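This report refers to the structure that appears directly beneath it.
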Amino acid sequence: MKLINILFTLLLPIASLAQDNDHGKEPSAESKAYHEYRMKMTTPPYGLDKVQTLIGTLYEDGHNTLYTKDYLALSLREKFTYHMIYPESYSQNCDPSLPEYNEEKKIFGYLQDIFGEQAWSGRQTDFFVENRDSVMAIIKESATRSKRMGLNYKHAILEVDGVEMIPFLVEFYNRDHKDLDILTVLLNLMRDAKYPPFISSPSYAKLYGPQSGSYPFLQYNKANEELIIKRAMDLFNSSN
C-alpha cells in the first residue's frame, strides 16, 4: 500500500501536466457543440413576462438591481425566475469561456462561470439559502418538465449545498448520460461536504489538490462515472 501511495504521488504532476497540455489545442466541432450545451441556462416560466418587464425598466433607468418595493411584491416563484435570469452584481472575472479540447470527454472539477462578467448579489444568494427547500423543489419541477438542467440551476444547487438533490441528480443524469456537468455537481457537493471517502481519494487530489492545474478534470469513462455516482449516493445515505 505504501508503494502504491508513493507511485500515485509521483504520477500526480504527470496527470496535471497532461491536463494542462490539453488546454490550447484546437477543439473539434463536437467539443464546440458540447461547450455550447454546457453553457445553456434554464429560463423558468414562473411570472416570466412580469419579471422581464421589470428587468426592462432597470436597463431604462440605469440601475442594476430591482427596487426593493418591486422585489418584495414578487411571489417566491417570481423571485426565483428573477434570480435565475438576472444577476445583480458585476464580477471581476472578465475571461471569456472558450471550448476545451475533447470537452465532451471530460468530467470537470468545476462548473463554467454562470454569467460571465456578472454574478449573483448577496441578496440573491441569501434568497437561495433562506428558501433552499423551495428552491430545490422548483428546480426538480422545472427540470423534469423541460428535461434540461441549465448551468444556472446547477450553480443554485451548489449555493444551497443541495445534498438532498443527489438521488434526483443521479436519476436525471442516467436518462441519457449526456450532461457530464451533473457529475461535476456531485463532485462539488462531496467536496463542499468534506465527505471523507472522497476527500481522501485520488480523484479529489487530481481535481482539487495542489497539483490539480488550471483546468482539472477526470477522463470520462464508465468506471469514473460509476464511482462518482456511488460515492455521491453513499454521501446522501449517510446524511439521512
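The values are calculated or read from the model by the stated rules, or taken from the named source; none is laboratory data. Given the structure is predicted, the values throughout are model-derived calculations rather than measurements. Every residue, glycine among them, receives a Cβ derived from its backbone with ideal geometry; neighbour counts consider all protein chains shown.
Can you spot a residue in the range 198-208 that is in contact (Cβ under 8 Å) with a residue 40 or more places away in the chain and within 18 Å of the chain's Cα centre (by Cα)?
yes
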Subject >> Search result, residues across the range 105-145 that are of a type in the set (Ser, Thr, Tyr) and at pLDDT below 95 >> reply: 121
Original post:
surrounded by fewer than 20 Cβ atoms within 10 Å (Cβ to Cβ), among the hydroxyl-bearing types (Ser, Thr, Tyr) and in contact (Cβ under 8 Å) with a residue 40 or more places away in the chain - does that describe any residue in the range 176-188?
Top reply: no
Original post:
Applying the selection to the range 106-133, what residues are buried (at least 16 other Cβ atoms within 10 Å of the Cβ) and assigned to a helix (DSSP H, G or I)?
Top reply: 124, 125, 127, 128, 132
Original post:
List pairs: first in the range 229-240 and modelled with pLDDT of 95 or more, second among the polar types (S, T, N, Q), Cβ under 9 Å, 6+ apart or cross-chain?
Top reply: 229/174; 231/201; 231/203
**OP:** Kindly list the number of the only condition in (1) touching a helix residue (DSSP H, G or I) at 6+ places or on another chain (Cβ under 6 Å); (2) surrounded by fewer than 21 Cβ atoms within 10 Å (Cβ to Cβ) that fails for residue 201.
**Re:** (1)
Original post:
Here are some residues: 103, 78, 141. Which one is touching a Lys or Arg at 6+ places or on another chain (Cβ under 8 Å) and closer than 30 Å to residue 176 by Cβ?
Top reply: 103
**OP:** Six or more apart or on different chains, Cβ under 8 Å: which pairs go from a residue in the range 24-44 that's in contact (Cβ under 8 Å) with a residue 24 or more places away in the chain to one that's surrounded by fewer than 17 Cβ atoms within 10 Å (Cβ to Cβ) and small (Gly, Ala, Ser)? Could you list them?
**Re:** 35/97; 39/97; 42/146
Subject >> Index of the failed condition, residue 82 passing every other in (1) among the hydroxyl-bearing types (Ser, Thr, Tyr); (2) touching a strand residue (DSSP E or B) at 6+ places or on another chain (Cβ under 8 Å); (3) surrounded by 20 or more Cβ atoms within 10 Å (Cβ to Cβ) >> reply: (2)
**OP:** Would you check which residues across the range 129-166 are over 21 Å from residue 87 (Cβ atoms) and β-branched (Val, Ile, Thr) and list them?
**Re:** 144, 163, 166
Original post:
In the range 134-170, what count of residues is obtained for those that are more than 18 Å from residue 193 (Cα to Cα), within 14 Å of the chain's Cα centre (by Cα) and crowded, with 16+ Cβ neighbours inside 10 Å?
Top reply: 6
